[in-house]
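Have a look at the structure below, then the notes.
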Amino acid sequence: CFVKLMMVQLLLLFVFCLVGSLAEDADLVLLKDAAEQGSVCLDGSPPGYYMRPGQNAGADKWIVFMEGGGWCQTAELCAERSKTRLGSSTSWPSTSSYAGFLSDDQDTNPDFYDWNMVFAKYCDGGSFAGNVEEPVFYNETKLFFRGRMILDSILASLMEKGLDKASEVILTGCSAGGLATYLHADYVGSLLGKEVKYRAFSDAGYFLDLPTINGQRIFREGDQELLKLQNCTGGLNQKCVSSFETDEQWKCLFPPYFFQYIQTPMFVFNSLYDTAQLSGLQLDCLPPHCNAEQMKFFNNFGKEMREALGVVNG
């Protein structure tokens, strides 16, 4: 039940990742052909993305945003998730509006308003990293763990729409999508031409491997389960994977362990006192409404985050 609460908190984090005035709708692109080849959401429905084409000077420039929304680390949680918009495309609207630096409003987004805007929908529950060939059953629910195939399908579709001719590309995402940005930045860059100005920007995706205030390793154990359930190894940074023994490859789901291997220029945006992570670590207060023990934990988290961010250069 606590894991479910943690997922709710991470979903709320995602809601606040995109703030600002909404702009012109982007159109949904469902990848039905890819689904026939096995690239599907948790429930077997087609994956997809929302896109608003670039205009004028931004016609060959792209922002690809990877949606966040927590993870499902057990078959039970994934079965529940498969009945929501984060596990199925059946309820996605045909259009959607986006804000912040995904907006096409020149006043609020002067640098990127005319770029191609892509919002990659998240429906695999594993930060686009899973790869299980056969479906998995939980009671009567059939589940598909095909996150990496979904990522490949989205990128292939975007190449057909002009990404292969891009002059500039920014890969970005928030929360679980921010983690996906770290995980896949180099892979996405490998598909682009060397002449492309390519950068990545992760928002609130720098998750730490820390115990809860009660000493439990919920984040670590969750990622160990995720790695096993969704067979994520092939979707992780391969330099990181090769640096650890099999029983420690779960570390490659925590950015502090693999950031050093990322070659893509990366802009890191993360709160020193990430409230979503603090809540996930069972801290149920915020200053000044904490007791001495809670304040010690709160301050130590900030210290750990600062030290963990020490591997980020510049």
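Accessible surface computed residue by residue for the stretch 223-314, with neighbouring protein chains in place and a 1.4 Å probe, gives 54 Å² per residue.
Translational diffusion of the stretch 190-306 was estimated from the Stokes-Einstein equation, with Rh taken as the Kirkwood radius over Cα pairs; at 10 °C and 1.306 mPa s the coefficient is 99 µm²/s. Could you list the residues of the stretch 126-147 with an amide nitrogen less than 20 Å from a label point located 7 Å from the Cα of L30 in the Cα-to-C-beta direction? Counting backbone N atoms under 20 Å from the label point, the list is 142-147. For the stretch 186-194, backbone phi angles converted through the Karplus equation (6.51, -1.76, 1.60; θ = phi - 60°) give residue-by-residue couplings of 5, 5, 4, x, 5, 8, 9, x, 5 Hz, Gly and Pro being listed as x.
Checking the Cα-Cα distances for K32/K83; K61/K239; K165/K251; K61/K121 against a 25 Å cut-off, the pairs over it are K61/K239; K165/K251.
For the stretch 16-152, the orientation-averaged shadow of the C-alpha convex hull comes to 8.4 nm² (one quarter of the hull surface).
Relative contact order for the stretch 73-115: 19 percent, from Cα pairs under 8 Å spaced at least 6 residues apart, divided by residue count.
Semi-axes of the equivalent ellipsoid for the stretch 168-252, computed as √(5λ) from the eigenvalues of its C-alpha gyration tensor and ordered from largest down, come to 27, 16, 9 Å.
Ordering 234-244, 130-140, 36-46 by mean Cβ neighbour count within 10 Å, with the highest value first, yields 36-46, 234-244, 130-140.
Residues of the stretch 260-274 falling in the label zone of K303, defined by backbone nitrogen less than 17 Å from a point 7 Å along Cα to beta-carbon, are 272-274. For V29, the residues whose modelled amide H falls within less than 5 Å of its own, excluding neighbours fewer than 5 places apart on the same chain, are Y49, Y50, M51.
Expressed as a whole percent, the accessible surface of the chain that belongs to carbon and sulfur atoms is 51, based on a 1.4 Å probe. Over the stretch 60-104, the Kirkwood radius and the radius of gyration, each from Cα atoms, give a ratio Rg/Rh of 1.08. The stretch 255-314: percent of C-alpha pairs farther apart than 17 Å? In whole percent, the share of Cα-Cα pairs in the stretch 255-314 beyond 17 Å is 44. In the chain, the DSSP-assigned H stretches of four residues or longer account for a calculated mean residue ellipticity at 222 nm of -9500 deg cm²/dmol, using -39500 (n - 2.57) per stretch and the full residue count as denominator.
The three principal axes of the C-alpha atoms in the chain carry coordinate ranges of 57, 47, 37 Å, sorted with the longest axis first. When the chain is treated as a Gaussian network with alpha carbon springs shorter than 10 Å, the biggest mean-square fluctuation among A185, A120, A26 belongs to A26.
In a Debye calculation with equal point scatterers on the alpha-carbon sites of the stretch 67-136 and no solvent, what is log10 I(q)/I(0) at q = 0.27 Å⁻¹? Treating every Cα as an identical point scatterer, log10 I(q)/I(0) equals -1.20.
The label point for T275 and the one for D107, both projected 7 Å from the Cα toward the Cβ, are 2.8 nm apart. Express as a percent, rounded to the nearest 5, the fraction of DSSP beta bridges in the chain (both residues included) that run antiparallel. In the chain, approximately 35 percent of DSSP beta bridges are antiparallel ones.
The values are calculated or read from the model by the stated rules, or taken from the named source; none is laboratory data. Predicted, not measured: the structure shown is a model, and the values here were computed from it. Note: ideal-geometry Cβ built from the backbone for every residue, glycine included; neighbour counts use all protein chains shown. Note: areas computed on protein heavy atoms with side chains; ligands, DNA, RNA excluded. Shrake-Rupley method; radii C 1.70, N 1.55, O 1.52, S 1.80 Å.
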